[in-house]
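Notes follow the structure.
Each value in this text was obtained by applying a stated rule to the coordinates, not by laboratory testing. It should be emphasised that the depicted structure is a prediction, and the values quoted were computed from it without experimental measurement. Note that we place each Cβ from the backbone using ideal geometry, even for glycine, and neighbour counts take in every protein chain shown.
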Amino acid sequence: MAEVLVLVELNPAAGGPRKTTLEALTAARALGEPSAVVIGAPGTAAGVKDALAEYGAAKVYVAESPEVEEYLVAPKAEVLAQLVAEKSPAAVVIPSSPEGKEIAGRLAIKTGSGFLTDVTEIAPDGTATQVAFAGATIVHSQVTVGTPIYTLRGNSVTPEPAPAAGAEETVQVQISEAAKATRVTDRVVEQKSSRPELTEASIVVSGGRGVASAENFSVIEGLADSLGAAVGASRAAVDSGFYPHSFQVGQTGKTVSPQLYIAVGISGAIQHRAGMQTSKIIVAVNKDPEAPIFELADFGVVGDLNTVVPAATQQISARRG
Amino acid sequence: MNIVVLVKQVPDSGSERKLDPADNTVARATADNVINEMDEYAIEEALTVKEAQGGEVTVLTVGPATATDAIRKALSMGADKAVHVLDDAIHGSCAVQTSAVIAAALGQLEYDLVLCGAEATDAQLSVMPALLAERLGLPQLSGARKLTVENGMAKIERQTDGGYWEIEAPLPAIVSTWDTINEPRYPSFKGIMAAKKKPVQTLTLADLGIDRATVGLATATSKVVDFAGRPPKGEGVKVPDEGDGAEKLVGFLAAQKIV
Ligand SMILES: Cc1cc2nc3c(=O)[nH]c(=O)nc-3n(C[C@H](O)[C@H](O)[C@@H](O)COP(=O)(O)OP(=O)(O)OC[C@H]3O[C@@H](n4cnc5c(N)ncnc54)[C@H](O)[C@@H]3O)c2cc1C
Ligand SMILES: Cc1cc2nc3c(=O)[nH]c(=O)nc-3n(C[C@H](O)[C@H](O)[C@H](O)COP(=O)(O)OP(=O)(O)OC[C@H]3O[C@@H](n4cnc5c(N)ncnc54)[C@H](O)[C@@H]3O)c2cc1C
């Protein structure tokens, strides 16, 4: 069976691979037999290899070097290019983070290939599905040159175990001088959150301008915590200083696709929809019955968020006991 | 400090956007076109650096004839001159091909810094800095929420999930900017008038020494095979809060087996 390279995205906080990696392994199986590629500091592969095998990695290429994390993106693209040249895989699948997309782009130039970003599905013939224009248009696209490279949007594929051998193979890492041009001198975590990662969460509760203040975002956080959800925010809420930018959902923020999205005090502007439209169930709380968010909502409450949301939080907590 | 800012004209993200069924490319001719909003932050950052350190800001656009409006906007904000790569053979180009055109155009310019927006709102690929860095052997400093240029080095804070990375590289380098980096200025009346007299150089593929057969729809490295509107969602339920809004909401979540 054809080999498909899958770049492993790590979860430094929790250890192990990120869920996006398991999704990529699952999606890659439509095209052939996945080989996971672990690029990181020495010792990285040991912590992720079992999970990779469980989700279908027949092989695990281990490219470890103390240096790879010191530079931005370019070394990882070099390792992948080297593997593409040696193994002639049928395709390469990469989780669609900012870094993943940049690696895909560089790999495309290096290997003379085409690449498709933010795909939500890959068919056995290589045709990918992409969501364009704020979710209004569904596109089928194909790579027509070289080794197809895909970046897979988070939460679009459900990870399914398919135990495989996970045979380790060491890859020599040689980083060129050119790939050392951009140095990462520090990695700073500003918000340590005990809540689930926004793009991975199965429930997201987002607040908008209607929340009215930073303090009042505790109403949103309360509901989120009662549901074990991640917190998001509209751009108006972010621009008003109610909540940090890294939680912005929408065209210029995160794209989320949870099982349940609850929009509170958010009007539903097209740029906000761009980031949440593909959520499975959408619930809205807004005092304006004409708010466009209701056009999307499976269930909407027309009312003041300051009364509806705290009461709902209380009832949910009571039920969950 | 000579700076080139890459600017793209895109269909307004707030208006209805479409693909053209004739060849499955973005329907640009009939769209409500605007300058890519993210690029305004790159222009602002370029002007800020220029105001502090001197030099010239050049706008570079690859786009159809309508893209002159985006160029005017950039010039009216304060950029000094512009280069517009205009050639119908470019139509239908994928990101890989477009990056080849931009790289060739950059080859004809002198710069210490290339700035661009962190994404174009039409295709949302966020890859141009990576593609250009790879082609030109330039350092890539992408996704900046803060930029410092001093002593021949560019340093940025690269915005990440829940924080940032500090990254640095020697000049010349390519930097992309998010909307968290600054507050773009509005063009002044004087700026709008002055923009009309600023030089705009138009280049074709021949001027750049690019073979027409290597760009455009026929040889794109990827293609859109078909598209469809997203199926509309079924009618949802909308209830007024008559003191029982929370109860109804929780009832819905319970019916969905969420609580
Ligand atoms: C929804 C969608 C997703 C896509 N995803 C990817 C992807 O993941 N990776 C990828 O590589 N490609 C991607 N493409 C591009 C695609 O693969 C094809 O190459 C094709 O659809 C071209 O894109 P376009 O519709 O933007 O074409 P065009 O509208 O023709 O634009 C292509 C580029 O050429 C410029 N241009 C157009 N006309 C002229 C002219 N007369 N003079 C100068 N410049 C001009 C435009 O400004 C733009 O930069 C995507 C396209 C769409 C519509
Ligand atoms: C290029 C571009 C990119 C953009 N990117 C994004 C993006 O990534 N994400 C994004 O979200 N936006 C984005 N926007 C902005 C977008 O157009 C909207 O301005 C924004 O989404 C509005 O946020 P909002 O719904 O919170 O605020 P508003 O539109 O002001 O809506 C607030 C809502 O709260 C309701 N409300 C007020 N008080 C209460 C109350 N007490 N109880 C219940 N309801 C109440 C109001 O009825 C109203 O519907 C972008 C815009 C542009 C031009």
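Report the Cα centroid-to-centroid distance between the stretch A:1-25 and the stretch A:288-320 in angstrom, as an integer.
36
Rounded to the nearest 5, what % of the DSSP beta bridges within chain B are antiparallel ones?
Rounded to the nearest five, the antiparallel share is 45 percent.
What FRET efficiency do you get for residue B:192 and residue A:189 if R0 is 51 Å and r is their Cβ-Cβ distance, rounded to the nearest 0.05? Intermediate values should be presented prior to the final figure.
On the way: r = 44 Å, r/R0 = 0.86.
FRET efficiency, residue B:192 to residue A:189: 0.70.
Output the relative contact order of chain A, whole-number percent, from Cα pairs under 8 angstrom with separation of 6+ residues. Numbers along the way, then the final one.
Numbers: 742 pairs, mean separation 46.8, N = 321.
Value for chain A: 15 percent.
Quick check: residue separation of residue B:257 and residue B:204 times 0.36 nm, minus the Cα distance between them. What number comes out in nm?
13.1 nm
Can you give the mean number of other chain Cβ atoms that lie within 10 Å of the Cβ atoms in peptide A:136-149?
Per residue, the average neighbour count from other chains is 5.
I'd like to compare A:121-132, B:187-198, A:139-150: which one has the highest average count of other Cβ atoms within 10 Å, and what's the full order after that?
The peptides rank, most packed first, as A:139-150, A:121-132, B:187-198.
Want the number for residue A:259 to residue A:14: 0.36 nm per residue separation, take away the alpha-carbon distance, what's left?
Full-extension gain reported as 86.0 nm.
Could the peptides A:162-170, A:104-112 be put in order, highest first, of the mean number of other beta-carbon atoms found within 10 Å of their residues?
My ranking of the peptides, most packed first, is A:104-112, A:162-170.
Going by the alpha-carbon gyration tensor, a ≥ b ≥ c the square roots of its eigenvalues, is the stretch B:3-219 rounded (a/c under 1.5) or, if a/c is not under 1.5, prolate (a/b greater than b/c) versus oblate? Spell out each step's value before the answer.
Values: a/c = 1.39, a/b = 1.29, b/c = 1.08.
In terms of gyration-tensor shape, rounded.
Taking the alpha-carbon centroid of each part, what is the distance from the stretch B:160-184 to the stretch A:60-119 in angstrom?
22
Once you average over the residues of A:184-196, how many Cβ atoms of partner chains fall within 10 Å of each Cβ?
Rounded to a whole number, the mean comes out at 4.
Tell me, what are the semi-axes, in whole angstrom and largest first, of the equivalent ellipsoid of the protein assembly as shown as set by the roots of 5 times the Cα gyration tensor eigenvalues?
Value: 37, 31, 23 Å, ordered largest first.
If you place +1 on the Cβ of every Lys and Arg and -1 on the Cβ of every Asp and Glu, how big does the dipole about the Cα centre of the protein assembly as shown come out, in debye to the nearest 20?
Values: 49 positive and 70 negative charges, 94 e Å.
About 460 debye.
When you look at the Cβ of every residue in A:68-74, what mean number of other chain Cβ atoms sits within 10 Å?
Average per residue, whole number: 4.
Kirkwood hydrodynamic radius (Cα pairs, Å) of the stretch B:182-259?
After inverting the mean inverse Cα-Cα distance, the result is 20.8 Å.
With r defined as the distance between the Cβ atoms of residue B:211 and residue B:65 and R0 fixed at 25 Å, what FRET efficiency is calculated, to the nearest 0.05?
So the FRET efficiency works out to roughly 0.65.
I'd like to compare B:237-245, A:261-269, B:57-65: which one has the highest average count of other Cβ atoms within 10 Å, and what's the full order after that?
Peptide ranking by packing, descending: A:261-269, B:57-65, B:237-245.
Determine, from the Cβ-Cβ distance of residue A:125 and residue B:30 and an R0 of 30 Å, the FRET efficiency 1/(1 + (r/R0)^6), rounded to the nearest 0.05.
On the way: r = 32 Å, r/R0 = 1.07.
Plugging the Cβ-Cβ distance into 1/(1 + (r/R0)^6) gives 0.40.
Please report the antiparallel percentage of the DSSP beta bridges confined to chain A, to the nearest 5.
Here the antiparallel bridges make up roughly 20 percent for chain A.
Of the beta bridges DSSP finds with both residues in the protein assembly as shown, what % are antiparallel, to the nearest 5? Intermediate values should be presented prior to the final figure.
Numbers: 42 of 116 bridges.
Here the antiparallel bridges make up roughly 35 percent for the protein assembly as shown.
Once you order the gyration tensor axes a ≥ b ≥ c over the Cα atoms, which shape class does the stretch A:203-320 get: rounded for a/c under 1.5, otherwise prolate or oblate by comparing a/b with b/c?
Here the stretch A:203-320 falls in the rounded category.
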